[in-house]
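Asks: The following block contains the structure, expressed as structure tokens.
Read-outs throughout are calculated quantities, based only on the coordinates presented, and are distinct from any laboratory measurement. Note that the structure is predicted; figures quoted are calculated from it, not measured. All Cβ positions, even for glycine, are placed from backbone atoms using ideal geometry, and neighbour counts span all protein chains on display.
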Amino acid sequence: MIIVMRRSVGSDELQQAIAHVEALGLKPNVLYGVERTVIAAIGPEREGLKEALEQAPGVAEVMPILAPYKMASRETMQQTSVVTAGSLSVGGSRIGVIAGPCSVENEDQLMQAAVGVKAAGATALRGGAFKPRTSPYAFQGLKEAGLKLLAKAREATGLAVVTEVLATEDVGLVAEYADVLQIGARNMQNYRLLEAVGRTSRAVLLKRGPSATMEELLLAAEYILDAGNPNVMLCERGIRTFETHTRFTLPLASVSYLQHKTHLPIVIDPSHGTGHTYLVPSMTLAAVAAGADGLIVEVHHDPAHAASDGYQTLNLAQFADVMQRARKVAEAVGRTI
Ligand code: PEP
Ligand code: MN
């Protein structure tokens, strides 16, 4: 059930309502929206429950949540959630732009990317320190040394750091350095990992698994929300289809679909979504036109010599050019970038 609190609700009343929900044997999850505070009361529905919840102090309305993803559902929160982590804000009228290399390679490489993407208008820096590679012989990332370089780049540029956490046992370490914990496509249904990032105070970027359905993505997000972390962004990064001309197939209808179903902000990854540098600019613009709340783009000062994913990476001039064009598209759809 969703309990929509009255606009004027004070913290005492809210605490009493939470206690009321618990006394009825349900788990209260409070979501602080821009306009209203709601309590998602999670647990089995039963006869008379709605009426019992309506007795709680400060309540404006009680409604059943029909979607299986109770907290992620737009039924629970009508306004898009704004996720903020340092310099990055995703879900408001300004589109958040996360840019940087696929992998952190060394200090010079990361600094060049960080300074370059910031100058072009990026609002966060990406870079993998723990890399999920298809082959065990491929570059696996600098691990903690890479995290330290990311922290240094944040200090130098002020950009928030977005970096992947691959395993549950690394969550504490990565959370020490990162502003946003990225859950990679291959880990979207690693439920223990989702719970672990859900227990941190860091924002989470949850990437869609290449063969996961929208409902599976939303239920994966639900694990993080249910563990107590409301700062979740969803990322469409392309899915596996019969088609081989692109690395993955990037369905931009996901933006509108997800915005219809969930209040969580939506980020598009045109780099993994296409797998080819020459396709990235147009799909970046298309993502903005489709209404994406954020972008995550791979950028390197010398893509030809990148340690990973160079073939889908923009150089700094290409990124600056696409950002300039994206500004015009954003304006056309009532956003800024
Ligand atoms: C990445 O962002 O570098 C990455 C590995 O992405 P994905 O998990 O979407 O493949
Ligand atoms: Mn990559």
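Asks: Scan region 236-253 for residues that are crowded, with 24+ Cβ neighbours inside 10 Å and either of a type in the set (Ser, Thr, Tyr) or within 24 Å of residue 65 (Cβ to Cβ) (or both) and jot them down.
Replies: 236
Asks: For region 240-286, name all the residues that are without any contact (Cβ under 8 Å) to a residue 60 or more places away in the chain, within 16 Å of ligand 2 (Cβ to nearest atom) and among the β-branched types (Val, Ile, Thr).
Replies: 246, 268, 274, 277, 280, 284
Asks: Go through (1) closer than 18 Å to residue 262 by Cβ; (2) of a type outside the set (Gly, Ala, Ser); (3) out of contact with any helix residue (DSSP H, G or I) (no Cβ under 6 Å at 6 or more places or on another chain); (4) not in a strand (DSSP E or B) for residue 51 and report which single condition fails.
Replies: (1)
Asks: Inside region 152-167, can you point out the residues that are of a type outside the set (Lys, Arg) and surrounded by 16 or more Cβ atoms within 10 Å (Cβ to Cβ)?
Replies: 153, 157, 159, 160, 161, 162, 163, 164, 165, 166
Asks: Next up: Name the pairs: first residue in region 287-307 and at negative phi, second residue within 11 Å of ligand 2 (Cβ to nearest atom) and among the β-branched types (Val, Ile, Thr), Cβ to Cβ under 7 Å, at least 6 apart or on different chains?
Replies: Cβ pairs passing all conditions: 298/313; 299/313; 300/313; 303/313; 306/313.
Asks: Starting from region 31-54, take each residue that is closer than 23 Å to residue 8 by Cβ and list its partners that are surrounded by 13 or more Cβ atoms within 10 Å (Cβ to Cβ) and among the small types (Gly, Ala, Ser), counting only C-beta distances under 7 angstrom and pairs at least six apart or across chains.
Replies: 31/40; 39/17; 53/41
Asks: Further, regarding this structure: Could we say that residue 110 is over 21 Å from residue 233 (Cα atoms), within 16 Å of ligand 2 (Cβ to nearest atom), free of Cβ contacts under 8 Å to residues at least 60 places away in the same chain and crowded, with 24+ Cβ neighbours inside 10 Å here?
Replies: So residue 110 passes the test.
Asks: Related question: So residue 324 fits all but one of (1) over 13 Å from residue 102 (Cβ atoms); (2) within 16 Å of ligand 2 (Cβ to nearest atom); what number is the exception?
Replies: The failed condition is (2).
Asks: If a residue must be touching a strand residue (DSSP E or B) at 6+ places or on another chain (Cβ under 7 Å) and not in a strand (DSSP E or B), how many such residues does region 201-224 contain?
Replies: 9
Asks: Say we look at region 73-100 and pick out the residues that are in a loop (DSSP other than H, G, I, E, B) and touching a Leu at 6+ places or on another chain (Cβ under 7 Å); which of these is surrounded by the most Cβ atoms within 10 Å (Cβ to Cβ)?
Replies: 95
Asks: Only residues that are touching a residue at least 60 places away in the same chain (Cβ under 8 Å) and either outside any loop (DSSP other than H, G, I, E, B) or surrounded by 19 or more Cβ atoms within 10 Å (Cβ to Cβ) (or both): list them for region 55-72, please.
Replies: Hits for region 55-72 are 62, 63, 69, 70, 71, 72.
Asks: Sticking with this one: Could you check how many residues of region 186-216 are surrounded by 23 or more Cβ atoms within 10 Å (Cβ to Cβ), in contact (Cβ under 8 Å) with a residue 40 or more places away in the chain and among the aliphatic types (A, V, I, L, M)?
Replies: Within region 186-216, residues that are surrounded by 23 or more Cβ atoms within 10 Å (Cβ to Cβ), in contact (Cβ under 8 Å) with a residue 40 or more places away in the chain and among the aliphatic types (A, V, I, L, M) number 2.
Asks: Now, a different point. Can you tell me which condition residue 35 does not meet? The list is (1) part of a loop (DSSP other than H, G, I, E, B); (2) in contact with a strand residue (DSSP E or B) (Cβ under 8 Å, 6 or more places away or on another chain); (3) over 26 Å from residue 173 (Cβ atoms), and all the others hold.
Replies: Here residue 35 meets the rest and fails (2).
Asks: When the residues of region 157-171 are narrowed to those that are away from ligand 1 (no atom under 16 Å from the Cβ) and in contact (Cβ under 8 Å) with a residue 24 or more places away in the chain, which ends up farthest from residue 99 (Cα to Cα)?
Replies: Going through the qualifying residues, I end up with 168.
Asks: In region 195-212, what count of residues is obtained for those that are farther than 18 Å from residue 85 by Cβ and either in contact with a helix residue (DSSP H, G or I) (Cβ under 9 Å, 6 or more places away or on another chain) or within 16 Å of ligand 2 (Cβ to nearest atom) (or both)?
Replies: 5
Asks: Can you name every one of the helices (runs of 4 or more DSSP H) wholly within region 252-303 that holds 1 or more residues which are over 23 Å from residue 78 (Cβ atoms)?
Replies: 270-274, 280-290
Asks: Now, a different point. So, in region 292-314, of the ones that are away from ligand 2 (no atom under 15 Å from the Cβ) and surrounded by 17 or more Cβ atoms within 10 Å (Cβ to Cβ), which residue ends up farthest from residue 270 (Cα to Cα)?
Replies: Here the answer is 301.
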